[in-house]
1. Restricting attention to the range 131-143, and to residues there that are more than 11 Å from the chain's Cα centre (by Cα) and without any contact (Cβ under 8 Å) to a residue 40 or more places away in the chain, which single residue is surrounded by the fewest Cβ atoms within 10 Å (Cβ to Cβ)?
2. Just checking, how many residues over the range 94-116 are in a helix (DSSP H, G or I), in contact with an Asp or Glu (Cβ under 7 Å, 6 or more places away or on another chain) and either of a type outside the set (A, V, I, L, M, F, W, C) or under 18 Å from residue 45 (Cβ atoms) (or both)?
3. What number goes with the only condition from (1) under 15 Å from the mean Cα position of the chain (by Cα); (2) over 21 Å from residue 45 (Cα atoms) that residue 152 does not pass?
4. Being touching a strand residue (DSSP E or B) at 6+ places or on another chain (Cβ under 6 Å), modelled with pLDDT of 95 or more and among the aliphatic types (A, V, I, L, M) narrows it down to one residue among 110, 71, 97; which is it?
5. Filter the range 105-119 down to the residues that are free of Cβ contacts under 8 Å to residues at least 24 places away in the same chain and closer than 16 Å to residue 158 by Cα, then identify the one that is surrounded by the fewest Cβ atoms within 10 Å (Cβ to Cβ).
6. State whether one or more residues within the range 48-56 are within 16 Å of the chain's Cα centre (by Cα), under 27 Å from residue 103 (Cβ atoms), modelled with pLDDT of 85 or more and part of a helix (DSSP H, G or I).
7. Give the number of residues within the range 41-75 that are of a type in the set (Val, Ile, Thr) and touching a Ser or Thr at 6+ places or on another chain (Cβ under 6 Å).
8. Being acidic (Asp, Glu) and under 24 Å from residue 16 (Cα atoms) narrows it down to one of 115, 78, so name that one.
Amino acid sequence: MFCGAVQPSIAEQAPENELKTAFIFNFIQFVDWSSKGAPSGAVLSLCVTTNSPLASALATLRNRQVNGKTLAVLNWPDEPWRRCNVIVADAADRSRLIAGRKHFADNPVLIIGTDADINREGVMIGMELVGSRIVFDIDANMAQQAGLTISSRLLKLARRVQ
């Protein structure tokens, strides 16, 4: 069972980036893209910048299966916006994220923030380390506007839901 926060004993056993990657993988499994049309083809593209602290951990998700689709991990923003179904952003991606808002508003792209600074910029799922726990907040309204549906099972586990 996926949980909204990791207990300190577990957090001490695994590096933060690996824990955040596990959360991201679980988040993706609880999102439905079908209200605006599911991503075409058999691939679900997760985009992250190569200088992200999570880039190498997220690369381990490549070719994993998510709801019948194969997960691809792409370098964002080298890939065209239209190829990203999921964007994982941190504070260093702030200007890129703001510049892409117009695109994101019209396309079903799940935006996941990985620290408190980027989470203030309007992400759908924002996670951060608080003490020794990873917690997350969900902006269900923003996700719905983008044509995404977040499972009630995930919403129940969030620290806050808007």
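The values are calculated or read from the model by the stated rules, or taken from the named source; none is laboratory data. Here the structure is a predicted model, which means the values were calculated and not measured. When we count neighbours, we look across all protein chains shown, and the Cβ atoms used for this are built from the backbone with ideal geometry, even at glycine.
1. Our first condition is that a residue be more than 11 Å from the chain's Cα centre (by Cα); within the range 131-143, this holds for 131-135, 137, 139-143.
Now narrow it down to the ones that are without any contact (Cβ under 8 Å) to a residue 40 or more places away in the chain: 137, 139-142.
Details: 137: 18, 139: 21, 140: 18, 141: 11, 142: 17.
So, considering only residues that are more than 11 Å from the chain's Cα centre (by Cα) and without any contact (Cβ under 8 Å) to a residue 40 or more places away in the chain, the one surrounded by the fewest Cβ atoms within 10 Å (Cβ to Cβ) is 141.
2. Going through the range 94-116 one residue at a time, the tally reaches 2.
3. The one condition residue 152 does not meet is (1).
4. Details: 110 fails: modelled with pLDDT of 95 or more; 97 fails: modelled with pLDDT of 95 or more.
Being touching a strand residue (DSSP E or B) at 6+ places or on another chain (Cβ under 6 Å), modelled with pLDDT of 95 or more and among the aliphatic types (A, V, I, L, M) holds for just one of 110, 71, 97, which is 71.
5. Of all residues in the range 105-119, those free of Cβ contacts under 8 Å to residues at least 24 places away in the same chain come to 106, 116, 119.
With the extra rule that they be closer than 16 Å to residue 158 by Cα, the set shrinks to 116, 119.
On the way: 116: 13, 119: 21.
By that ranking, first place goes to 116.
6. Taking every residue of the range 48-56 in turn, at least one turns out to be within 16 Å of the chain's Cα centre (by Cα), under 27 Å from residue 103 (Cβ atoms), modelled with pLDDT of 85 or more and part of a helix (DSSP H, G or I).
7. Here is the first cut: in the range 41-75, the ones of a type in the set (Val, Ile, Thr) are 43, 48-50, 60, 66, 70, 73.
The next check asks that each one be touching a Ser or Thr at 6+ places or on another chain (Cβ under 6 Å); those that pass are 43.
Count: 1.
8. Details: 78 fails: under 24 Å from residue 16 (Cα atoms).
Within the list 115, 78, the selection yields 115.
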